[in-house]
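Peer 1: This structure is in structure tokens; I'll ask about it shortly.
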Amino acid sequence: RVVSCRVVSCRVVSCRVVSCRVVSHAHPKPHVLCLMLVLVPNSTGTAVMKWLEGWPLDRCFYWACVTVTTVGFGDVVPTTNAAKWFTIFYMIIGTVMVARSVTYIASIPLSMRRLRMQQDVLAQTEDLEAVHRLIKADTLDRLGLREVKNDLSKAEFVIQMLLLLDSVNERELTSCCRHYDRIASGIMMQQGDGDMEHGGGPRDDTICF
């Protein structure tokens, strides 16, 4: 986080940046979720088939694992009508849950790699030279989000960092800006310029009520 930053005539007068830290919430306790997605269908299938077919527990567990993993050897099959109906829904729901678990496991390395990249980007912006590069960048000017020339506000810094972290792109920001302009224009048409005065006159970059 940026504690203080002041710029005068394209020259950084004072800037102090303390440690930045990214906390990823993309996978809250993924190991617990993956474990639940595997244990729930297997334990449910084992218990239900024990009740419906009366098989030994090891045979029921074997059937549950073979079924939800779509292996389907065919050596153990349900014989009663109730078990067959259960198997129909069990295969659909159980297979989806196990597939979801595999997806979580496969995404963990990608999330860790993205987190490391974010930490590297943040570490590169913890000096005066990096902040000066953000000030000189023309991204905010192209988007029409620059408040004061040769200055860098907290909001502008956050936008620049989101772009560097690939959390948002210019096309999305442009779409948001256009949407804001439509909202502001609609409010001005409804309330009139007189009701939109702010600081002595209407502003097109601030919505007032």
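The values are calculated or read from the model by the stated rules, or taken from the named source; none is laboratory data. Quick caveat: nothing in here was measured; it's all calculated off a predicted structure. Cβ: placed from backbone, ideal geometry, glycine included. Neighbour counts: every protein chain shown.
Peer 1: For the stretch 82-94, state whether one or more residues are basic (Lys, Arg) and either surrounded by 11 or more Cβ atoms within 10 Å (Cβ to Cβ) or at pLDDT 90 or above (or both). Break it down into steps so the answer makes sense when it comes.
Peer 2: Narrowing the stretch 82-94 to residues basic (Lys, Arg): 84.
This time we only want the ones that are either surrounded by 11 or more Cβ atoms within 10 Å (Cβ to Cβ) or at pLDDT 90 or above (or both), so: 84.
Among the residues of the stretch 82-94, at least one is basic (Lys, Arg) and either surrounded by 11 or more Cβ atoms within 10 Å (Cβ to Cβ) or at pLDDT 90 or above (or both), which makes the answer yes.
Peer 1: Can you name the condition, by its number, that Cys34 falls short on among (1) under 25 Å from the mean Cα position of the chain (by Cα); (2) at pLDDT 85 or above?
Peer 2: Condition (2) is where Cys34 drops out.
Peer 1: Something else now. Among the residues of the stretch 176-186, are any among the charged types (D, E, K, R) and either touching a residue at least 24 places away in the same chain (Cβ under 8 Å) or assigned to a loop (DSSP other than H, G, I, E, B) (or both)? Step through it out loud before you land on a result.
Peer 2: Step one: filter the stretch 176-186 for residues among the charged types (D, E, K, R), giving 178, 181-182.
Add one more test, that the residue is either touching a residue at least 24 places away in the same chain (Cβ under 8 Å) or assigned to a loop (DSSP other than H, G, I, E, B) (or both), and what stays is none.
There is no residue in the stretch 176-186 that is among the charged types (D, E, K, R) and either touching a residue at least 24 places away in the same chain (Cβ under 8 Å) or assigned to a loop (DSSP other than H, G, I, E, B) (or both).
Peer 1: I would also like to ask the following. For the stretch 118-173, which positions are surrounded by 14 or more Cβ atoms within 10 Å (Cβ to Cβ), of a type in the set (Val, Ile, Thr) and in a helix (DSSP H, G or I)?
Peer 2: Once the filter is applied, which keeps residues that are surrounded by 14 or more Cβ atoms within 10 Å (Cβ to Cβ), of a type in the set (Val, Ile, Thr) and in a helix (DSSP H, G or I), the stretch 118-173 yields Val121, Val131, Ile135, Thr139, Ile159.
Peer 1: Among the numbered conditions (1) touching a strand residue (DSSP E or B) at 6+ places or on another chain (Cβ under 9 Å); (2) exposed (fewer than 14 other Cβ atoms within 10 Å of the Cβ); (3) part of a loop (DSSP other than H, G, I, E, B), tell me where Gly74 comes up short.
Peer 2: Result: Gly74 fails condition (1) only.
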